[in-house]
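Worksheet: the structure to be examined is printed underneath.
Only the coordinates and a few stated rules stand behind these numbers; no lab work does. A quick note: this is a predicted structure, and the numbers were derived from the prediction, not measured. Here the Cβ positions follow ideal geometry from the backbone for every residue, glycine too, while neighbour counts run over all protein chains shown.
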Amino acid sequence: MKISLSYQSDLFDMDAVASSRHASLNGRSGAFVDNMVLPVHRWFRYSAGFSSDWVRWLVRERLGDSPSSAVLDPFCGVGTTLLACDAENIQSWGFETHPFVYRIANAKLRGIHADLSTLKSVFRHYADSIPQASPVKLEETPPLLAKCYTPQVLSVLFAMRDLFVAEFDRGTPESELLWLALTAILRTTSGVGTAQWQYVLPNKTKSGVQTPLVAFQSKASEMLQDVEYAQRNGWRSRSHVLMTDARAPVNCSEIQVDAVVTSPPYPNNYDYADSTRLEMTFWGEISGWGDLQQAVRRHLIRSCSQHAAAEKLVLDDLLSESVVDPIRQDLSIACRKLAEIRKTKGGRKNYHTMAAAYFRDLGLVFRALRARCRPDSFMCFVVGDSAPYGVYLSVDKWLGELSLAAGFKSYSFEKIRDRNIKWKNRKHRVPLKEGRLWIER
């Protein structure tokens with residue numbers, strides 16, 4: 001099949017855009033949606049993160065242009081912080097434990113330094129090699145995929161997937177960008193509710209659905225354009241992403257940084273494992289929802305009730321751990337209240353053990369980060385509080401106290417915006433906020 005691949009090399013002037021927005025960035029560090037108009041960041045929308053422009057501004061303001069400065073993001077997701085540091089020629093490190101998200105971040109970080117002519121050749125050769133699609137055997141198709149696509153669309157997507165696996169999966173920067181291009185078109189080619197920031201909703205429909213070949217042409221052209229942009233604007237290859245757990249990171253003893261810039265999971269019951277279920281099912285990494293605990297959740301911070309229930313956590317055991325000593329009294333009151341309220345709820349969600357496990361996990365993260373931070377370094381955590389079953393969890397205060405217990409010198413909180421103020425369809429009416437938790441070493 002012949003697909004035209006073309007791109008314009010002067011479409012963006014991100015430095016000018018970022019410069020004009022710095023005055024307003026102070027209130028937009030949590031606005032990851034800003035990234036979706038920026039080169040490279042727009043390749044794959046992940047339901048977590050913050051503004052890349054803000055990260056660039058922050059490291060420029062706080063670290064200057066010192067060649068020895070370094071930044072760490074212990075929850076790096078798809079690489080927002082690391083890409084921003086590459087654009088500013090600042091060395092950076094990232095930790096990520098979600099295996100699929102790690103591959104996305106790695107593909108982006110390696111891909112922006114791919115040989116442009118080789119990348120274009122790979123994309124063109126792949127497009128020219130896509131075979132005629134064969135009819136889909138629905139009885140052999142994972143139920144999620146059968147709900148999200150028509151048989152005709154599935155047949156083309158499977159042909160494209162099988163061609164990649166058989167002939168193009170070589171582990172090179174160029175082939176990883178090809179993998180990412182195919183991954184990134186899965187939502188735009190589905191006619192059901194597959195908006196990138198939400199769970200898959202098969203009973204909803206959406207407009208503007210693209211055919212697989214058109215979607216691939218658009219994404220490949222976008223990637224070629226953005227790689228050319230990054231290279232022309234001098235983005236440096238100074239970032240490294242490690243698939244390791246921020247609670248007990250390994251193979252990172254040499255890392256010493258001047259800043260930690262991150263946004264950890266919020267304790268608001270969002271299932272980060274489920275956010276890539278469609279993509280992981282398509283690539284055959286899982287067969288269904290039941291596989292997510294073993295494949296993904298067990299690697300993650302405990303921030304959703306599904307995770308807490310699957311691990312059969314015991315509240316008293318979590319509250320007895322020394323890492324939660326600084327907040328045990330307040331945390332215990334909140335968790336035991338949740339344990340009582342859940343008995344009156346139909347779903348009986350395990351918010352009580354989820355909350356205890358969440359703060360226990362973040363306490364371990366602070367302990368691990370203390371060893372990675374140089375003297376006089378700082379940390380900025382973009383965080384949001386939570387109120388499961390209407391029980392308020394003082395996230396910024398409790399995380400701040402855990403950071404002091406880990407050996408950091410001080411903390412302060414700066415509110416960015418109010419949350420949960422539009423009451424329609426909300427589970428409770430507790431006002432919430434999002435902001436920056438500043439921690440000094």
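List of remarks:
- Kirkwood estimate for the chain, i.e. one over the average of 1/r between Cα atoms, Å: 22.9
- Ratio of Rg to Rh over region 351-441 (Cα coordinates, Kirkwood Rh, two decimals): 1.03
- Taking the Cα centre of the chain as origin and assigning +1 to Lys and Arg Cβ atoms and -1 to Asp and Glu Cβ atoms, the resulting dipole is close to 1600 debye.
- Database remark: amide H of Ala70 closer than 5 angstrom to the amide H of Asp258, Ala259 (H placed geometrically; neighbours at sequence offset of 5 or more, or on other chains; Pro and chain starts carry no H).
- Listed from fewest to most Cβ neighbours within 10 Å, the set Thr353, Thr172 follows the order Thr172, Thr353.
- The separation of region 325-385 from region 40-92, counted between C-alpha centres, amounts to 26 Å.
- Spherically averaged projected area in nm², based on the convex hull that wraps the Cα atoms of region 217-260: 5.2
- Shape call, region 169-226: gyration tensor on alpha carbons, a/c limit 1.5: prolate
- Farthest toward the positive end of the dipole of region 302-441, out of Phe359, Gly435, Pro326, is the Cα of Gly435, where the dipole comes from beta carbon charges about the Cα centre.
- Radius, Kirkwood style, for region 227-328 when every pair of distinct Cα atoms is counted (Å): 17.2
- The angle between the Cα long axis of helix 173-184 and the longest principal axis of the Cα atoms of the chain comes to about 80 degrees, rounded to the nearest 10.
- Candidate aspartates and glutamates for bridging to Lys206, where Cα separation is under 19 Å - those fewer than 8 sequence places away on the same chain excluded: Glu279
- Once Rg and the Kirkwood radius are both taken over the C-alpha atoms of region 280-429, their ratio Rg/Rh works out to 1.00.
- Rounded to 10°, Cα long-axis angle of helix 328-341 versus longest principal axis of the chain: 70
- When the pairs Lys204/Lys349; Lys343/Lys397; Lys108/Lys349; Lys349/Lys397; Lys312/Lys415; Lys312/Lys397 are compared against a 30 Å limit on Cα-Cα distance, Lys108/Lys349; Lys312/Lys415 fall above it.
- Beta bridge orientation in the chain: antiparallel %, DSSP, nearest 5: 55
- What the Cβ-Cβ distance of Thr211 and Arg60 gives, at R0 = 35 Å and to the nearest 0.05, is a FRET efficiency of 0.25.
- The chain: angle of helix 14-25 to the longest principal axis, Cα-based, in degrees nearest 10: 30
- Karplus 3J(HN,Hα) series, Hz, for region 366-380 with 6.51 cos²θ - 1.76 cosθ + 1.60 (x for Gly, Pro): 4, 4, 5, 5, 4, 6, 9, 9, 6, x, 6, 7, 9, 10, 10
- Within the same chain, aspartates and glutamates fewer than 8 places from Lys433 are excluded, and of the rest, those with a Cα less than 16 Å from its Cα are Asp385, Asp396, Glu414, Asp418.
- For region 73-219, diffusion coefficient by Stokes-Einstein and Kirkwood Rh (Cα), 20 °C, 1.002 mPa s, µm²/s: 128
- Rounded to the nearest 0.05, the FRET efficiency derived from the C-beta distance between Glu321 and Ala195 at R0 = 45 Å is 0.75.
- Taking the charge dipole of the chain about its Cα centre, with +1 at Lys and Arg Cβ atoms and -1 at Asp and Glu Cβ atoms, the residue from Ser263, Val71, Ile130 reaching farthest to the positive side is Ser263.
- Two-site FRET efficiency, Gln293 against Val37, from Cβ-Cβ distance with R₀ of 25 Å, rounded to 0.05: 0.10
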